[in-house]
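Take a look at the structure below.
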Amino acid sequence: MSAVLQQSDYAIRCLLFLVEHRGRLATKSEIAKAVDAPDLFVAKILQRLVKANVLVSVRGIHGGFSLAREPSAISLLDVLGASQASLAFRPCVLNPKACPLQGVCPSRPVWVKIYEGTVKELRQSTFDKLSRDHKTRLRACSRRLSVLKA
């Protein structure tokens, strides 16, 4: 997995942890342990999320991180943007001048449509929905495990 994709994956997991532990500050080390990632890697991710106004950071002995907005106002697109992940499959999607054939290219409109659909879906995928789905899946897995153990 590329570093950007891994960073995006961990950023999503960090956000889910913070959504599910709202109402209190969580330390960098606590978040890193919860998402099973190195402290330094998580620190970098959290800094980017703070800079993108997705999280707030409180310094000091009782400091930590919390959401800057309601989970319904934070989308996957926000987090991927903070992670600097490019959603464009082809360079010409974001920069038509990247290809001298863009005016006659038959596939560019398809790539643009795919990109726009992806952006729309990511914008609509908010962390309140993701958290609900996560909890539902965890309960289902727990029930299956308890049936298997019985």
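Some points to look at:
- FRET efficiency estimate (nearest 0.05) - Cβ-Cβ, HIS134 to LYS33, R0 22 angstrom: 0.80
- Per-pair calculated FRET efficiency, R0 = 22 Å: LEU145 and GLN6 via Cβ, rounded to 0.05: 0.20
- Computed over the chain with a Gaussian network model linking Cα atoms closer than 10 Å, the most mobile of VAL110, VAL54, VAL119 is VAL110.
- Estimated from helices alone, the mean residue ellipticity of the chain at 222 nm is -19000 deg cm²/dmol (sum of -39500 (n - 2.57) over DSSP H runs with n ≥ 4, per residue).
- Among HIS134, HIS62, HIS21, the largest mean-square fluctuation in a Gaussian network model of the chain, built with springs joining Cα atoms closer than 10 Å, belongs to HIS62.
- Taking trypsin sites (Lys or Arg not before Pro) as exposed when DSSP calls them loop and at most 16 other C-beta atoms lie within 10 angstrom, the chain has its longest site-free stretch at 70-150.
- Tail beyond 21 Å, pair distance distribution of the chain (Cα, percent): 53
- Among ALA26, ALA140, ALA82, residue whose mean-square fluctuation peaks in a GNM of the chain (springs only between Cα atoms under 10 Å): ALA140
- Taking the chain as the region of interest, the number of lysine pairs whose Cα atoms are within less than 20 Å, with members eight or more places apart or on different chains, is 6.
- In plain terms, the residue of LEU130, LEU18 with the fewest other Cβ atoms within 10 Å comes first and the most crowded comes last, giving LEU130, LEU18.
- Given their separation in residues at 0.36 nm each and the Cα-Cα distance between them, ALA68 and GLU20 gain 15.9 nm when the chain is fully extended.
- For segment 75-137, average projected area of the Cα convex hull in nm²: 5.0
- Cα-based radius of gyration of segment 8-53 once divided by 2.2 N^0.38 Å, which approximates compact folds: 1.01
- Residue exposure proxy: THR118, THR126, THR136, ordered by other Cβ atoms within 10 angstrom of their Cβ from fewest to most, comes out as THR136, THR118, THR126.
We did not get these values from a lab; they are worked out from the coordinates using the rules stated. Since the model is a prediction, treat every value here as computed from it, not as a measurement. Positions of Cβ are backbone-derived with ideal geometry, glycine not excepted, and every protein chain shown enters the neighbour counts.
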